[in-house]
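> Let me give you the structure first, and then I'll get to my questions.
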């Protein structure tokens, strides 16, 4: 189930969402009134089902119609997948940064690394090799590049 | 005498794929691209499965026309449940198939080279074996006979999250990486939700819960009972949600499966409580989908995922959409 932590800094509301987004989600009720700018921290969103997607779009479309400036940052892999699958998932907002999945070639551990979208060139994605935090082995990008970064080309 | 597996393809990898299936299921493999020969086999032999490779709409129409002229599209020699179409392109590129009475099952050819084709054949052999039965119901039919199978009877709709989370924990224990476990958990979430909210119909065929919020607490007893079964053989995991309505609409399912939301605006139907994107997401995420339904009696929708070393291979795995409809 989703949890929402709110932090108001002047005219900017920061929402930290965590957990899974499903049929019980009611962001309007959970968030309440919003200022002209909203920043959404998506780091801890583990998964989102189809009814959760519907609730998400319904809520952020309402903010879009109010001309709220929306920024999604630290997007988890679950959120990046939705951004890629559904063209209007961020409802006119900006994706500022995303977590990129890596896998250790030695111990198979799953790792993630944060990248700013502004630093990613959609026509030539270049990712560094990471060192596995568990075994110090080589960790490489673990997804389908053309899919995972496809939203950058929109 | 063994039934025939008819392969309509010249590709070496398809031959390896079909040969593996024929050996495993004990079918006699006949390989031809000659339309006269193909139609006479369909007419005269006991055909357990037909595998068709085609490169485009024109190729498919020629095949369809030959079957129409020589056998009859609605002949009792033609059972769409036993037709399997192999394609390099995804299902949304093959929408023309859905209009044909010959359309049954869709295989996304994710095998290149003989080794991968044989491996895919070994997986699909169980599917073919099940489709040669009178009724293919039961996840056990799609797995090795010694596989573990567990069944859960749901009592209330609000137990869904508990079931999904238990499954997710089970997968992680079975050494599925977290992202794979999440993808499978999401797929199962969709199956159960559809079984609870989309399957129930009244005597006129109207969907009872079309406008009911998906967080409603519904008692699942009698006709409304839902069964969730899980099979695991160490290589792949399969999960089925079974309802007692047999109300699934093949055309509607295929329409949802072939919609691409990345290219067009996802418009929500506010009058409908469901979202309609769950199954498409599952198939694109690497899962095979199985739809088995006997009208007004029972529907089983299953997902099958192979466990692979990394997400890249997991998302790009061999997969299929199986449609077994009994009237």
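> Might you check whether a residue that is at the interface with chain B (Cβ under 9 Å from one of its Cβ atoms), more than 22 Å from residue B:315 (Cβ to Cβ), at pLDDT below 95 and buried (at least 17 other Cβ atoms within 10 Å of the Cβ) occurs anywhere in region A:57-64?
Looking through region A:57-64, at least one residue is at the interface with chain B (Cβ under 9 Å from one of its Cβ atoms), more than 22 Å from residue B:315 (Cβ to Cβ), at pLDDT below 95 and buried (at least 17 other Cβ atoms within 10 Å of the Cβ).
> Scanning for something within 12 Å of chain B (Cβ to nearest Cβ), surrounded by fewer than 21 Cβ atoms within 10 Å (Cβ to Cβ) and assigned to a loop (DSSP other than H, G, I, E, B), does region A:93-105 turn up at least one residue?
Yes; the residues of region A:93-105 include at least one that is within 12 Å of chain B (Cβ to nearest Cβ), surrounded by fewer than 21 Cβ atoms within 10 Å (Cβ to Cβ) and assigned to a loop (DSSP other than H, G, I, E, B).
> Report the residue count in region B:73-93 for those that are surrounded by 13 or more Cβ atoms within 10 Å (Cβ to Cβ) and over 20 Å from the mean Cα position of the chain (by Cα).
Counting residues in region B:73-93 that are surrounded by 13 or more Cβ atoms within 10 Å (Cβ to Cβ) and over 20 Å from the mean Cα position of the chain (by Cα) gives 3.
> Mind listing whichever residues of region B:55-74 are part of a loop (DSSP other than H, G, I, E, B) and either under 21 Å from residue B:255 (Cβ atoms) or free of Cβ contacts under 8 Å to residues at least 12 places away in the same chain (or both)?
Narrowing region B:55-74 to residues part of a loop (DSSP other than H, G, I, E, B): B:55-56, B:71-74.
B:55, B:56, B:72, listed by residue number.
> Do you know which of the residues in region A:69-89 that are within 17 Å of residue A:44 (Cα to Cα), touching a helix residue (DSSP H, G or I) at 6+ places or on another chain (Cβ under 9 Å) and not in a helix (DSSP H, G or I) is farthest from the other protein chains (Cβ to nearest Cβ)?
A:72
> Now, a different point. I'd like the full set of residues that are in a strand (DSSP E or B) and crowded, with 18+ Cβ neighbours inside 10 Å, limited to region B:1-28. Break it down stepwise before answering.
Taking region B:1-28 and keeping what is in a strand (DSSP E or B), we get B:4-8, B:28.
Correct list: B:4, B:5, B:6, B:7, B:8.
> Out of the residues in region A:131-154 meeting the condition of being at the interface with chain B (Cβ under 9 Å from one of its Cβ atoms) and in a loop (DSSP other than H, G, I, E, B), tell me which one is surrounded by the most Cβ atoms within 10 Å (Cβ to Cβ).
A:142
> Within region A:31-54, take every residue that is outside any strand (DSSP E or B), more than 9 Å from chain B (Cβ to nearest Cβ) and in contact with a helix residue (DSSP H, G or I) (Cβ under 9 Å, 6 or more places away or on another chain) and give me the one that is nearest to residue A:80 (Cα to Cα). Write out each step before concluding.
So the first thing to find is which residues in region A:31-54 are outside any strand (DSSP E or B), and the list is A:31-36, A:49-54.
Next, from what is left, pick out any that are more than 9 Å from chain B (Cβ to nearest Cβ): A:31-36.
Going one step further and asking which of them are in contact with a helix residue (DSSP H, G or I) (Cβ under 9 Å, 6 or more places away or on another chain), we end up with A:31, A:34.
Details: A:31: 22, A:34: 24 Å.
Once the filter is applied, the top-ranked residue is A:31.
> Would you please name the residue that is nearest to residue B:288 (Cα to Cα), looking only at residues in region B:131-143 that are in contact (Cβ under 8 Å) with a residue 24 or more places away in the chain and touching a helix residue (DSSP H, G or I) at 6+ places or on another chain (Cβ under 8 Å)?
Within region B:131-143, the match that is nearest to residue B:288 (Cα to Cα) is B:142.
> Report, by residue number, each residue of region B:37-54 that is in contact (Cβ under 8 Å) with a residue 24 or more places away in the chain and more than 24 Å from the chain's Cα centre (by Cα). Please lay out each step first, then the result.
Taking region B:37-54 and keeping what is in contact (Cβ under 8 Å) with a residue 24 or more places away in the chain, we get B:38-43, B:45-54.
Passing the criteria: B:38, B:39, B:40, B:41, B:43, B:45.
> Also, I was wondering about something else. Could you check how many residues of region B:163-190 are assigned to a helix (DSSP H, G or I), within 20 Å of residue A:78 (Cα to Cα) and either without any contact (Cβ under 8 Å) to a residue 24 or more places away in the chain or within 11 Å of chain A (Cβ to nearest Cβ) (or both)?
Residues in region B:163-190 being assigned to a helix (DSSP H, G or I), within 20 Å of residue A:78 (Cα to Cα) and either without any contact (Cβ under 8 Å) to a residue 24 or more places away in the chain or within 11 Å of chain A (Cβ to nearest Cβ) (or both): 19 in total.
> Restricting to region A:106-130, what's the tally of residues that are surrounded by fewer than 13 Cβ atoms within 10 Å (Cβ to Cβ) and part of a strand (DSSP E or B)? Please lay out each step first, then the result.
Initially, region A:106-130 is screened for residues surrounded by fewer than 13 Cβ atoms within 10 Å (Cβ to Cβ), giving A:107, A:114, A:116, A:118-119, A:121-124, A:126, A:128-129.
Still in the list and also part of a strand (DSSP E or B): A:114, A:116.
Counting residues in region A:106-130 that are surrounded by fewer than 13 Cβ atoms within 10 Å (Cβ to Cβ) and part of a strand (DSSP E or B) gives 2.
> Within region A:3-30, track down each residue that is in a helix (DSSP H, G or I) and within 13 Å of chain B (Cβ to nearest Cβ).
Applying the first criterion (in a helix (DSSP H, G or I)) to region A:3-30 yields A:27-30.
The answer is A:29, and nothing else.
The values are calculated or read from the model by the stated rules, or taken from the named source; none is laboratory data. Being a predicted model, the structure only gives us computed values, none of them experimental. Note that each Cβ is placed from the backbone with ideal geometry, even for glycine, and that neighbours are counted across all protein chains shown.
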